[in-house]
Structure formats: structure tokens, C-alpha cells
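See structure below.
The values are calculated or read from the model by the stated rules, or taken from the named source; none is laboratory data. In this text, all values refer to a predicted model and were calculated from it rather than measured experimentally. As a convention, Cβ positions derive from the backbone with ideal geometry for all residues, glycine included, and neighbour counts pool all protein chains shown. Remember, those area values only see protein heavy atoms, side chains included, never the ligands or the DNA or RNA. Shrake-Rupley method; radii C 1.70, N 1.55, O 1.52, S 1.80 Å.
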Amino acid sequence: MRNLTAIILFCLVLLPAPLLIQSDFWITWLTLALFYAYLGQAWNLLGGYGGQFSFGHALFFGTGAYCTAILQIHFGLNAWGGFVLAAIAAGLVGAGTGWLVFRYGLRGSYFALVTLAFAEVFRILANSFEFTGAGVGLLVPLQPGFAQMQFETKAGFFWLLLALVGACLLFTYWLQNARFGARLMAVRENEDAARALGVDPFDTKLRAITASGAIAGSAGAVYVQLFLYIDPNIAYGPAMSVEALLVPIIGGLGTIFGPVLGAFALHAIAEIGRLAFGDAPGLNLVLYGILLVLMVLFLPNGLFGLGKVSFGLGSLRRLFKGGAHA
Amino acid sequence: MLELSILLPAILNGLTTGAIYALIALGLTLIYGVLHIINFAHGSLLMLALYGVFFLHSLFGIDPYLALPIAAAALFAVGYGLQRLIIGHASHGKDENILLVTLGLSVIIENLALYLWRSDTRTIDTPYSFEVVDFGVAFIPVPKVIAFFGALLVAALLWLLMARTDLGRAIRALAKERQGAKLVGINVEHIFAMSFGIGCACLGVAACLLLPSFYVSPQVGHAFVLVAFTVVVLGGMGSFVGALLGGLIIGVTESLGGLFLGESLGQLGIFLIFIIVLLFRPTGLLGQRA
Amino acid sequence: MTADKSVSHVSRRHFLAGTAVGAAAGIVGFPAILKAQPKSIKVGILHPVTGPIAPSGQQSRLGAKLAIDTINANGGISSMGGAKLEPIYADAQSKPDVGAAEVEKLNEAGVSAIIGPFASGIALATTQAAAKHGIPHIVDVGVVDQVVTRGLTNTFRFGPGLSKIVDTAMENLVTLNNQAGKPAKTVMIVHEESAFGAGMAKTLNEKLPALGFEVVETISHANPTRDFNNIALKIKGRNPDLLIPSNYYNEFVLLARTLRQQKIRPKAIYAVLGGAASQYRFVQEFPDAAEFVMDCNHWFDPRNPVALELKKKVEAEKAFFSYEVFLNYECVRLLADALERAASADRGAITQALAASGWSNHFMPYGPTKFVNGQNVGAAPVNTQVLNKDIKVIFPTEFANAKPVFPAPKA
């Protein structure tokens, strides 16, 4: 229940943000943080709960992005329709790779490397074919308005992403309490033991990668409407894969709020770096890297591990009371 | 297109390029084999080594091949220090932490290089830059011929080190059985750091052999790191002979793939081999079953 | 930054003094005192100074910085009481999404205009983000045609777009070939696989056959490509009269070096937006491989004294005088000209002034600026050739300072 309250509270607190915050910069900042939280949630489902570390989530993100862009440009499909089909297409790619990879029992770093290779294969293919725009990439026409998922104001994208992140939070909440979640976590802890208990690891992991892929694909569809441009490197390059895994690991693997926390923390760190060394190219990212290493050294369980005791609502209240006394 | 006059030189080119891949992968496979970590900072460390060799040449006029012992020693020190001071403390029993820490280190190293030395591509000009060896069917640039034999030599030396020295025995013991090695009195921290250091020293050697025919920029590591992973997997994680063989195979595959499918699409061959090996023989060509 | 802070500090003190006086002498003195202290005009300088295309981004920033320093040293914008340009630097990190986010930040900072962001992919995102706030956005390079064909009224591209560059390159190639008695018939294209090289190759393949050239093979390669020996082999096998490379600096250097090693000498290497062919760094570091290489690219009027003076200044900073530098330098001056005429830091006024721009005091071989749908229609590339370890202009004749050497002499 506590988690459910926290989810509702989180959404309610952020909901009026575009009305209260006048600054477009901060709205964009929040929107992007939510976007990466959403991508991280997709990864967390497979990596955090299922224990399958993917280095190639760009595979799903890119498939979703290309799917919606191609359908929109070549077939004039509506962006919302594209969004749904993007999730389906990326889910299918997830199912396909999952079937192949899990069938042959790849785990650990082998699984990580094979997903990386799949993303590279798709990047090379996207680079070589006419209908993906090859190296030139695809440019989605600018059609502001709700109908094409390109909102007139910044608030539109913010609310869309907040809704998606909120939905994912609820989904993860459900997962933690559902039988499927229990099976998935059993597989993460020990596959052989899970099998002994009657859990089918192959089937469980396959479902997880399909769902994870579908969510990452829908993130790709949103990205395309947000920036109206996609090319093979943005879609399938390693940058997006790294972003997808950093967010939940920093935030707290296999936790409901981990990806959200991680995304906001990483974005804040990047912003601090830019504020501190904006005019010295490189130094800002050095600071980012240093903070990353320090977090790993001193917060081995992610940010969520830090607040595990004091993060519940009750302790939060205590925290505020303490503050009032001081 | 299937003329022998183009096929043979393409294979020769693939072998010499593959030798460079093997050199870079040798360090990676050692680190993976012993520490079981996927070292994301490998590319950045290669870049650091290349800058070292570049500055030795441009500031002190030291030929890259003569800089070899300096570069190897310096990179060994960097690697030993990194493992002892940072990476070794990061795991807290979790593999993902090591992954993050090497990722963080690569971000730091790369951007520090960008800040200190700007983003310009730098090259060196040596008297032998444009020299070639005539193999009858093809001209192969002298630096690539040297790199080819250099890779063979380094692989052989590593193999000797592992097979014939106490250090090598300790490393192998640690790679096989961590707890057992601890019990017989092996200083685990030290041996881990030695392995990481030797892995990095290989990069120092690779940098000396690579720079005369290549360039250096803060981003240069990205060009090799994925291929190096492929080579390590193909050869079998932890196997030197495997890495050497894997490098040559990948080099030739890339070369022939480029010939038949075009340079852009031809890269596909590398990753298809990678996936197929992972699926059907995850221990690689010469790796041992875990 | 510190200099600017002191300015605002002084103006604040003036302001307080003004109110004190105002309290005594009525409200009349108030505006006069404000006017006496020219405000600075904030300009967003947005480039990818980190990430894969950082080399170009950093060169671009240098060019913009030099121009702003010069304008400020010469008394700022005189129609605005000597107001200084205040650069606000932003880093797109070689990613379109970061570029768009940086536009938001620049908007918050209150910039009057944005200059940048070098790459086409980033330009598509930043111009759109700037359009939402009505910020005039001068595109420095971003050659892909769509940058100016989306009907964004805030976007102004000073330099030529891809189609214009290819058209000019083809026109000059035909002239060159005809003048030499048509020695070249077969062509091979080697291009990088991303937006710019792939787009270029596509257009070249459409145009070359109609001009009487046979494209014997088109090779696309990845970035980075680690080894060019196989591509060299193919070139050797096909033995084309002309080689048209279109790639980034690193790949061009490796390609040129490999061609030299393999002793491959086509009648001409005729680059279109070649990554290195008109870069002084390449010419200096590999004079032998660079000799006789031709390029159709952004270039300055080689007889213009301002350009030559700037070249010296850039070299004094231990940098190379590349197209990123001088295009950004001129984009800042284009903005300064618009500011002089608008006499206002208002975004709408600047946009109008840019749209009506007829600026001719620049050192590019363009003629007076004239923007149609955001594209400076006079903008055109020129043809250069590396001759005697220097980069000379060979076309168009009114700007040329050397005669082309074609076909290249055999070793």
C-alpha cells in the first residue's frame, strides 16, 4: 500500500508542474528526465527484476522509433497509431531475440554482449536500406497539435510522459505483487532453483523481454515525435543502450522508483556539470564521470538503497518534523 | 569480383588489420579471464596509450617502436593503480557495479583528454609511414607488417608468462578458483591488479604498433572496443591463442565482407559471427568451459 | 563573465543614484540614465563541442568567439549605443536531443539569437526548438536541404545547402574536364555512411550520368573505418579516372594515406565537401598525399584582406583556419549587421532585419546576402586545389588565385 500511495503522490505532485513552473527550460528538463526514466523502467523490468543485463536496449528503442517514423512518412499513419504499432513491433523484436538467446541459454555477460551485437546488426541494416532513409535518416513532418502527438506547448509532452511513467510505476507495482513477478524474481535469484519449484525460466524471461522491448519501443515512438528526426546512430547506437541501463542501476535495481530516481539524479548531475564547467568542453562530463564512480563506490545499492530505511512516507514525515525542530 | 588478384590481397589486408584487433583483445581477454569483468574503459585506455605514444614522438622525437617499453610500463602502472585503487573497491559483490565504474572511468578519461588535448585528430609522420612491403600479390604498408609480427610475439610472450612463471601460475589459479587461491596464500588484490596491469600493458604495445598507420583523437577508442569484444568472445574469454586466432578471423571476415557486401554492410559479418558463436559455442573457439 | 558582472553592477549603482536624483528632481532623469548604460545583447553560441563531432564544434566556437571579441573591441553595436555582444556558449554534445534542450536553456537566458550548430541532424532539432520561442537561428553549416525547407521563419542559413554545393561541384567538374580535353570519363565515389556522405552520394549518382560520366562504383563506409586498404584495392581494380570522396576528416586522411601507399593515382581526386581536402592541417601534416587534391567546399575569398588577417589571428591561437571557423565568424557578423539595422535586441525585430538582410561586407564569395525561405541565395561553394603545399582557389574564376592542374601529373 505504501508504494501505491507513493506512486499516486508522485504523479499528483508532478501533475501541476507545467502550470506552476513558468520556465520552459525546467519543463523540458523534467520532460527529458521523465523520458529517460521511462526508458529505464523498460530496462529495469528485464534487468532489475529479471536479472538479465541488456547492453542493447537501443535495439527496442530504435525499432519503435523507426516503426512509427516509417509508418507516418510512407503510409501516412497517425502518430498515436504509430505509437501502438511501435510498441508491438519492438515487443516482437524482443520476443524474437529473446526466443533465440534464451533458447540457447545465454546468461550474464554473454547475454549482455549478444544484445549489444543485435543492436549493432540493426544499426548497420538501418544504415543500408532505402526505406529507413539509410544514413540520411528520417525526418518526420512538423504537424503541431494533439492529433499527431506533437503538442502545441511543452506541457503536452510533459503530461504524456508523466502518464507513461505513472503507468509503468503502476505496472511495476503490480508486478512486485503478482505471481509473474514472483516467478521473474525467482529466476533472477537462481534459475535452477526456480525450475525446481516448477517455474519455467525460458517462458518467464521471454515474457519479460517482450514487455521490456515493447515499453522501450514506445519510448522510441515518443522520441520521434519529440525531435522529429531519427537516424541509425541515434536509434541503434550504444548511447541510448547505456542511458537505459545507467538510469535504473544508479537509481536502484529491481525497485519501483529506482529508474525515476536514477533519471532525475543523472540529469541533475549532468546539469551541475554544465553549470560548473559549461565553457570548458569536456570538464562537465569529467565531473559527471567522477560523480558516477563515487556513487558506485559509496552507494553500491543505488540511490534507492540509500533511502531504503528513510524513504517510506512515515519516515519522510519524521524527516520534516525533525527539520521543523532544528 | 572473384578474381584472385583482389581476393588474395584482401585476405592479406584482413590478416594484418586482424592482428591489431588481436593485440587490443589480448589485454581484454586477460582481464576478463581473471577478473570476470567486462572492461568498458578498455577503449579509453587505448586512447590514453595512443596519446602517450603521440606525445613521446612529437615532444621528444622518440620513434613509436622505441617508445614500446615506456608505453607498456606506463600503461601497466595505470592499470595496476586503477584496479588497486578504484575498480577493486567498486564491486561490493555485484557485477553491475564494476560495469558502472569502468563506464564512469571511460567517461572521465575520454573527456579529460578532450579538455586537455582538444578534439583534434592527430597523426604522426615517420620515415616509414609510406613504405610498403611487396608481397607479390599486394603492397602491405610496413607498419602493418610490423604490427602483425608484433601481435604474434605479444601473444607468445603472454602465453609463456602464464605457463612458465610463478606470476602466471598465480593468475591462473585465481582465475579458476578464487577461494582456493586465497587459501593457499595468494595475495588476491595484488594478483588482480597485476592482471589488470598486464592487460593494460598490452594496450601500450598495441598503441605503439598502431599509431604509425592510424591516428589519435579522444574518440578513437570507440573504433576498436566493440571489435575487441567480438574477438574475445570468438576466441574464448580468457584464451590468448584464441584471441590471436579470433582477431585474424575477424580481420579477414571484415575484409571479405567489405569486398562482397560493401564496406558499410560488410561490417555485418563481424556481428553475425559474434552472435552465431555466442549462440552455438559460447565458450568460443578455444575457451574453457566455465 | 566577470567583465559582464561588473558592468551590471555599475549599472545597478547608476540606477540607485538615478532614483535618488529622481526623487529630488522628478521622474524625468530616469530614462536618460538607463539609456546611457548600453545593455549587452545575449547571443547563444550552440555547437557540439563534446562527443564524436567535437573537432568541428570546437573550431566553430572559436570562430564565433573571435568575431564577438572583434565586434566588441570595435565598439559593439553602434545603433544601440555601443551595446556589446555577450556570448552564451552551449554544448549540443553531438546529440540532437541535447541540442534542443540547450535551446530551451538559451531561451531562459534571454538570448536574442542563436548561431550554430554545425551538424545537420542537430540543426533540424535546434531550429525547430528555437522557432517555438521565435528566436532567430542562424545556421552556420548544416548543409542538408531540409534545414531550410520546413517553412520555419526563424531559420537563416548563411552558407550554401547540399543541392547547391553538388550543382556547383558538377558544373565546375564539367568545365574542368572540358578545358583539359575531356580526359575523365569514369568516376568512383567513396563516401561515409551518415546523412551527409550518403545524401551526397545519392545526388551524385543521379547527376553524373547526365553529364557524361560513368559511375563505375559507389562505396559507402562506416565511421570510423579502421582500414582503407580494401577500398584502395577496389579503386585499383576499377582504375577510375576520377575519385570523388565525401567523408569526415579522419577517414579522408586514412584514405589519402592509403592511396599514396598503394601508389594509386587517378587523374584527379575531386572531393565534394571533402573532410580534409581543404583543411590546412591535412596539407601541413601530409603534404605529399594532399598535393593536387581538389575539393568543392565552403571557402573564403582569398583576396579579401579581412579574411587573410583573420587567418593569421587564428593561426596565432595555434588553430587551423578551417571553414567552421570562418563561417561562424561571418555568421556573427551577419547577426551584428542585422542588429545595427534593427537597433533592438528584440527577437522579432532581429528576425525581420535578417530576412531583409543585404549585407555585402563579408569575405565569403557570395555577393550581398539575400534570404529566400531562410536560405541565403547567393551562397555558393568554391573549388580549391592543393598546390605547392597551399590551398588555392581554382573556381569560380572571379575569385580564383591559381589555375587548376588537371589531370594530375603522373608521379
Query - Exceeding the 29 Å Cα-Cα cut-off - candidates C:Lys164/C:Lys185; C:Lys202/C:Lys318; C:Lys84/C:Lys370; C:Lys236/C:Lys318; C:Lys164/C:Lys392; C:Lys84/C:Lys311 - result: C:Lys202/C:Lys318; C:Lys236/C:Lys318
Report task. Quote the charge dipole size of segment B:4-280 about the Cα centre in Debye, to the nearest 20; the model charges only the Cβ of Lys and Arg (+1) and of Asp and Glu (-1). Result -> 720 debye
Report summary line: Per the helix-only model, chain A has a calculated mean residue ellipticity at 222 nm (DSSP H runs of ≥4, -39500 (n - 2.57) each, divided over all residues, rounded to the nearest 500) of -24000 deg cm²/dmol
Query raised in the report: Using a Gaussian network model of chain C with C-alpha springs under 10 Å, which one of C:Gln59, C:Gln261, C:Gln375 is most mobile by mean-square fluctuation?
Result: C:Gln261
Query raised in the report: Mind checking which aspartates and glutamates have their C-alpha under 16 Å from C:Lys207, skipping anything on the same chain fewer than 8 residues away?
Result: C:Asp167, C:Glu171, C:Glu217
Query raised in the report: Rounded to the nearest whole Å³, what is the per residue volume of the convex hull around the Cα atoms of segment B:84-170?
Result: 209 Å³
Query - DSSP beta bridges in the protein assembly as shown [antiparallel fraction, %, rounded to 5] - result: 35 percent
Report summary line: Taking Cα pairs closer than 8 Å and at least 6 residues apart, the relative contact order of chain B in percent is 37 percent
Query raised in the report: Which helices, taking whole DSSP H runs in chain A, have alpha carbons extending 27 angstrom or more along the helix axis plus mean Kyte-Doolittle at least -1.0?
Result: A:24-44, A:79-103, A:108-126, A:154-177, A:201-227, A:258-277
Query raised in the report: Per 5 Å bin, what is the whole-percent P(r) computed from every C-alpha pair distance within segment A:98-232?
Result: 2, 8, 13, 16, 14, 15, 13, 10, 7, 3, 1
Requested in this report: Largest first and to the nearest Å, give the Cα extent of segment B:149-290 along each principal axis.
Outcome: 55, 37, 26
Requested in this report: Sort C:Arg303, B:Arg178 by accessible area with a 1.4 Å probe, largest first.
Outcome: C:Arg303, B:Arg178
Query raised in the report: Under 13 Å from the Cα of C:Lys65, which aspartates and glutamates turn up, not counting those fewer than eight places away in the same chain?
Result: A:Asp279, C:Glu86, C:Glu317, C:Glu324, C:Glu330
Query raised in the report: Mind checking which of A:Thr172, A:Thr204, A:Thr68 has the largest fluctuation in a GNM of chain A, springs on alpha carbons under 10 Å?
Result: A:Thr204
Query - Proximal lysines to B:Lys182, defined as alpha-carbon separation beneath 25 angstrom and excluding residues fewer than eight positions away on the same chain - result: B:Lys94
Query - Stokes-Einstein D (µm²/s) once Rh is taken as the Kirkwood radius of segment C:275-349 over alpha-carbon pairs, at 37 °C in 0.692 mPa s - result: 227 µm²/s
Report task. Find out how many positive minus negative residues lie around B:Ile6, taking Lys and Arg as positive, Asp and Glu as negative, among other residues whose Cβ is under 13 Å from that of B:Ile6. Result -> +1
Query raised in the report: Considering every Cα-Cα pair within the protein assembly as shown, what fraction, in whole percent, is farther apart than 54 Å?
Result: 17 percent
Query raised in the report: How big is the equivalent ellipsoid of chain A along its three axes, where each semi-axis is √(5λ) from the Cα gyration tensor, reported in whole Å from largest to smallest?
Result: 29, 27, 20
Query raised in the report: If the viscosity is 1.567 mPa s and the temperature 4 °C, what Stokes-Einstein diffusion coefficient in µm²/s follows for segment B:4-280 when Rh is the Kirkwood radius over Cα pairs?
Result: 68 µm²/s
**Report entry** Restricting segment B:88-137 to chymotrypsin sites (Phe, Trp or Tyr not before Pro) in coil, as DSSP defines it, with at most 13 other Cβ within 10 Å
**Finding:** B:Phe135
Requested in this report: Quick one: give the max-minus-min coordinate of the C-alpha atoms of chain C along each principal axis, largest first, in Å.
Outcome: 90, 39, 35
Requested in this report: Could you tell me the accessible area of A:Lys205 in Å² (1.4 Å probe, neighbours in place), rounded to the nearest ten?
Outcome: 10 Å²
Requested in this report: Might you work out the accessible area of C:Ser56 for me, using a 1.4 Å probe with all protein chains in place, and round it to the nearest 10 Å²?
Outcome: 20 Å²
Query raised in the report: Got a number for the accessible area of C:Thr225? Probe 1.4 Å, square angstrom, nearest 10.
Result: 10 Å²
Report summary line: Among A:Leu285, A:Leu161, A:Leu92, the residue with the largest mean-square fluctuation in a Gaussian network model of chain A built from Cα contacts under 10 Å is A:Leu285
Report task. Provide the descending list of Cα extents for segment B:6-52 along its principal axes, expressed in whole angstroms. Result -> 41, 27, 12
Requested in this report: Heavy atoms only, probe 1.4 angstrom, no DNA, RNA or ligands counted: give me A:Arg274, A:Arg103, C:Arg260 ranked by accessible area, highest first.
Outcome: A:Arg103, C:Arg260, A:Arg274
